[in-house]
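Q: The structure is given below, and queries will be raised subsequently.
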Amino acid sequence: MGDRERRNPGVSRRRLAAELRRLRERSGLDVGEVARRCGWSPAHVARMETGAAPIRATDIRCLADLYHLTDTERAALTELAERTAANSWWSRFSDVLQPEFVDLEQDASRIRLWEPLLVPAPLRTDAYLCACARAVQALDGPDLDQLATAQSARRSAVLGESRVSLDAVIGEAVLNNAVGGPQVLRTQLEFLLHAARLPAVTLRVVPFTAHDHPGHAGGFSVLTLAGATPGEGGEDVVIHTELSGAGAFFGDHDGVARQAARFTWIEEAALSSRASCALIQRYLNR
């Protein structure tokens, strides 16, 4: 097992996901047929093939039989599945984080984020994070403390890794949304200016005057996973969309292409990085 796989079982999960997709396509089966024969939903099969769902030993047995794998192929697939069961640092926070998303985030080489109303999670201060958790997720007490610890580690992992390029686009409403009160927001805006100066971070704001763009439908993330080759399609890119505080994943080529195009459209509606920082500073000066 390589160093990256020891550090992040999500690497093994992604390798397993890619292999499952390859084996299905080799067998000439579509997602719906696999779901029908194994008694799953098509969404579950799609999640397995993007690394967004855990895969059990019984799943491997069903797929191995369905794809008519040789003993050698079956053993290799089983071994790869066992690697994905190893614990990451964030596994102990599964009650307050989406471990599937953090797995992918930690293995990303590029993260593109759009958030119309709240500061994106990797850029939140602890105080702002806790205020959001109280307001949006109704967390308090030990759960809130656990989330704060987890998100602090998550922020450090994303912002502290030179291998990760973070492109964040936020709506101007974020700058005026005093979650937690004026002082919490002020400290948060100051941190955004600090983050914007980091070499691997690009921060841009879509102003209120930009009306015609697809970002009104809600926030989402476009994650390019480590080792992806630009232009190869959707197999190394995963989309995460926000749904009522939870989230959904998809990685099919057409879906990824559509959502990536939406992100580009939103970027085109945004101010430049310099103008965005100037706008944030104006909010701080009010």
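Values quoted throughout were computed directly from the atomic coordinates according to the rules given, and no laboratory measurement underlies them. Just so it is clear, the model here is predicted, and its values are computed rather than measured. Glycine gets a Cβ as well: all are built from the backbone with ideal geometry, and neighbour counts include every protein chain shown.
Q: How many angstrom lie between the C-alpha centres of the range 191-222 and the range 46-68?
A: Taking the Cα centre of each part, the range 191-222 and the range 46-68 sit 36 Å apart.
Q: How big is the range 3-86 in terms of Cα radius of gyration and Dmax, in angstroms?
A: In order Rg, Dmax, the Cα atoms of the range 3-86 give 12.1, 37 Å.
Q: While we're on this one: Excluding Thr78 itself, what net charge comes from residues whose Cβ is under 12 Å from its Cβ, given Lys and Arg +1 and Asp and Glu -1?
A: Value of the local net charge: -2.
Q: In what order do Arg286, Arg37 fall by count of nearby beta-carbon atoms within 10 Å, going from fewest to most?
A: Least to most surrounded, the residues fall as Arg286, Arg37.
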